[in-house]
1. May I ask you to evaluate 6.51 cos²θ - 1.76 cosθ + 1.60, the Karplus curve with θ = phi - 60°, for each residue of the stretch 17-23 and list the ³J(HN,Hα) values in order in whole Hz, giving x for glycine and proline?
2. For the stretch 63-73, take each phi angle, set θ = phi - 60°, evaluate the Karplus expression 6.51 cos²θ - 1.76 cosθ + 1.60, and give the result in whole Hz per residue in order, putting x for glycine and proline.
3. Step through the residues of the stretch 33-39 one at a time and calculate ³J(HN,Hα) from phi using the Karplus curve (6.51 cos²θ - 1.76 cosθ + 1.60, θ = phi - 60°), rounding each to whole Hz and writing x for Gly and Pro.
4. What is the calculated FRET efficiency for Gln38 to Glu61, with r their C-beta to C-beta distance and R₀ = 22 Å, to the nearest 0.05?
5. Roughly what would the spin-label model give for Ser22 and Asp53, points 7 Å off Cα along C-beta, in nm?
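What follows is calculated from the coordinates using simple rules that are stated; it is not laboratory data. No experiment lies behind these values; they were computed from the predicted model shown. Virtual Cβ from ideal backbone geometry, glycine too; neighbours counted across all protein chains shown.
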Amino acid sequence: MASTNPVAPKASDHESEGSVQSTADMTAFVQNLLVQMQTRFQAMSEGIVAKIDEMGSKIDELEKSISDLKAEMDAEPTAKSNLEEGKPSDESS
């Protein structure tokens, strides 16, 4: 008859200890990975927001330039008509 030694660890005990360590390692790895992903996501988000703000500023500048050009175009025909009224006509000579 074979007797079991209560002091010697059973194979299943050793496997469960390895399993616990493996689970702890995997948990730490996943947590570290999530922190890295969150950091990168935050950096990307800040970069995107900065680019959107920059584009918004450029759009504002463009709208102002267009408005200025429209104002110049509206004033230009008035200036031309004033000049034409002041010039003597070729037909009257």
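1. Once θ is set to phi - 60°, the couplings for the stretch 17-23 become 5, x, 5, 5, 5, 4, 5 Hz.
2. Result, rounded to whole Hz: 4, 5, 4, 5, 4, 5, 5, 4, 4, 5, 5.
3. Per residue, the Karplus-derived 3J(HN,Hα) values read 4, 5, 5, 4, 5, 5, 4 Hz.
4. Numbers: r = 35 Å, r/R0 = 1.59.
Efficiency computed from Cβ-Cβ geometry: 0.05.
5. Between Ser22 and Asp53, the simple spin-label model gives 4.9 nm.
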